[in-house]
Amino acid sequence: MLNRVLPLDIRVLDWAPAAEGTHDFRNICKMDVGNGVLQFERTILSASVRPAQSLSANSTDPYKLFIFEIKGLAFLYHQVRCMMALLLLIGQKLEDLDIIDQLMDVTKNPRKPQYNMAVDYPLVLFDCHFEDLIWTQEKEEVNYTFNVLQQHWTQSAVRASVLSGMLQDLETNGRKLHDINQCYFYHFKNYKPLLERPCCQSLESRINHFVKRGRLEREEGENGDEMNCFYVCGQNWPQLILFFVHDRVCVTSVSDRTRS
């Protein structure tokens, strides 16, 4: 239904349901293997695109804002920014809708193609849910935070109003303008499809890299053919080693290396 109110060159809702559920996002994040992140399956509970404000049914105003809202159990490093980058490419018709499914197929595409993340400033973590947790507020702190945010809003609103007036003046004076229905976060002269680009290192290559540097340790599992990875914490970290065995994480003491 939201496609009726989106600008004509943006159709991203067709993709949103594909991200829901549990998937391997190693190609849609920045793999933080050096800090011990070796498991890249994450669960997305919901993903949707909606107008920031109510729009008329036939509105195609290119200055209207839209929100990509995503809810999940946990997120990988830069996962949301990579997801947004892919959505923008799809919205500009630079990539097909099935590019998401192809990138999540790590058997067919074990290495992430090189692409830029979306900009960081629109990204907002606005809610976290914890069971059986009661939040407390201090009225004085809430009032202070409100005043600070109101000052920031006032400055941004004034700047936006000034720029809006300049744009309207250019449009009403009949000057020849470029097509405004474009994404200002990305500029491509000669666009190369993602699956035709050079790829980053595979997960296995990154693990081997950090094993050589001493950031990770590997040893054979009980069956002789399985490999367990250990994340070696630095001196400023608690003296623990994390065992990554498939989708489980076990903790052991550095001194006795007895699993807990």
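Observations on the structure shown:
Okay, residues lined up against (1) modelled with pLDDT of 90 or more; (2) part of a helix (DSSP H, G or I); (3) surrounded by 14 or more Cβ atoms within 10 Å (Cβ to Cβ):
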position: Ser59; (1), (2), (3): no, no, no
position: Ile70; (1), (2), (3): yes, no, yes
position: Cys82; (1), (2), (3): yes, yes, yes
position: Ala85; (1), (2), (3): yes, yes, yes
position: Leu89; (1), (2), (3): yes, yes, yes
position: Asp101; (1), (2), (3): yes, yes, yes
position: Asn116; (1), (2), (3): yes, no, no
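- Among the residues making up region 18-46, a single one is under 14 Å from the mean Cα position of the chain (by Cα), assigned to a loop (DSSP other than H, G, I, E, B) and β-branched (Val, Ile, Thr): Ile28.
- Filter result (of a type in the set (Lys, Arg) and at pLDDT 85 or above) within region 165-211: Lys192, Arg197, Arg206
The values are calculated or read from the model by the stated rules, or taken from the named source; none is laboratory data. Remember, it's a predicted structure, so these values are computed and weren't measured experimentally. Positions of Cβ are generated from backbone atoms using ideal geometry, with glycine treated the same way; all protein chains shown enter the neighbour counts.
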